[in-house]
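Notes for the one structure printed next.
The values are calculated or read from the model by the stated rules, or taken from the named source; none is laboratory data. Being a predicted model, the structure only gives us computed values, none of them experimental. Neighbour counts are summed over all protein chains in view; Cβ atoms, including those assigned to glycine, are modelled from backbone coordinates with ideal geometry.
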Amino acid sequence: SHRMLADTRPGRLLAFTNPDAGHHDGPDWRADEHEVDRWCRLLGWYGIPADRGDLALRRPAAAGLPTGVSIVHPGAKAAARRWPPSRFAAVARELIRRGHRVVVTGTPGEREIAAEVARGAGLPDTAVLAGETGIGELAALVAHGRLVISGDTGIGHLATAYGTPSVLLFGPVSPALWGPPPDRPWHQALWAGPLAGPADAVPHPALAALDVPDVLAAVDRAERGRGGRRVPAARAERATTPVG
């Protein structure tokens, strides 16, 4: 990535030190810190203030999308981070029994998995939104949602940014590196620990160790935590004056 950025010929490159790529400025890269801390530390090195707690995004308009829905997102880029569809379906089935309106999201390539989850949960085809939402629409769906249940993937970060209660299932990587802030009880990160197993196991052993009752108990905690939710307001973007 250093070389790719350098090829754009920037006036100044702010990056971690990487002598192999010819970049000798910046702090050392550390593999053992949370992503938020990592990038705040990079900015701090260059004298740019960064608040690690400033994670909120301004809520977009719903734009005709359903609001107040519970979002089940069974996909993830890496197969090792995908919890079994049958377990997602069992969770969705129980959420429906509790009165939740459930939709299933994903990328176009995950539509088959999403449809499998929906069938297992007894949901109609109209509840499958995989492949039908762009990134902006997905963000709005999360921002106005009741709950997000997913693996360790991007939609979980949207839930954190909008303060939407979430239950996130971690496997190969600890939530200490990628999870939501641990002091926000409306976000529940589940991880069975660094369990050993075959490198190509699908799902990862730490993810497979999580069962449906674990997730439903975390849903209860997230919904109880909703009452004490105090999400910092998103900072307003700086106004700009058009030129031309």
Does Ala130 qualify as being under 27 Å from Glu35 (Cβ atoms), among the hydrophobic types (A, V, I, L, M, F, W, C) and surrounded by 20 or more Cβ atoms within 10 Å (Cβ to Cβ)?
yes
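Is it the case that the range 171-187 has a residue that's of a type in the set (Asp, Glu) and free of Cβ contacts under 8 Å to residues at least 40 places away in the same chain?
Yes, the conditions are met somewhere in the range 171-187.
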(1) touching a Lys or Arg at 6+ places or on another chain (Cβ under 9 Å); (2) assigned by TED's automatic domain parsing to the domain that holds Gly154; (3) part of a helix (DSSP H, G or I) all hold for Ala76 apart from (3)
Do you know which residues across the range 41-89 are free of Cβ contacts under 8 Å to residues at least 60 places away in the same chain and of a type in the set (D, E, K, R)?
Arg41, Asp51, Arg52
Any residue at all in the range 85-99 that's over 22 Å from Val202 (Cβ atoms) and polar (S, T, N, Q)?
no
Looking only at the range 45-53, decide whether some residue is assigned to a helix (DSSP H, G or I), out of contact with any helix residue (DSSP H, G or I) (no Cβ under 7 Å at 6 or more places or on another chain), over 20 Å from Trp178 (Cα atoms) and modelled with pLDDT of 95 or more.
yes
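For (1) closer than 18 Å to Thr160 by Cα; (2) surrounded by 14 or more Cβ atoms within 10 Å (Cβ to Cβ); (3) at pLDDT 95 or above, each residue gets a yes or a no:
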position	(1), (2), (3)
Glu35	yes, no, yes
Arg38	yes, yes, yes
Leu42	no, yes, yes
Ala63	no, no, no
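In the range 87-112, which residues are out of contact with any Gly (no Cβ under 6 Å at 6 or more places or on another chain) and within 24 Å of Pro198 (Cβ to Cβ)? Spell out how you get there, then give the answer.
From the range 87-112, those out of contact with any Gly (no Cβ under 6 Å at 6 or more places or on another chain) are 87-88, 90-105, 107, 109, 112; that's our starting set.
Residues satisfying the conditions are Arg87, Phe88.
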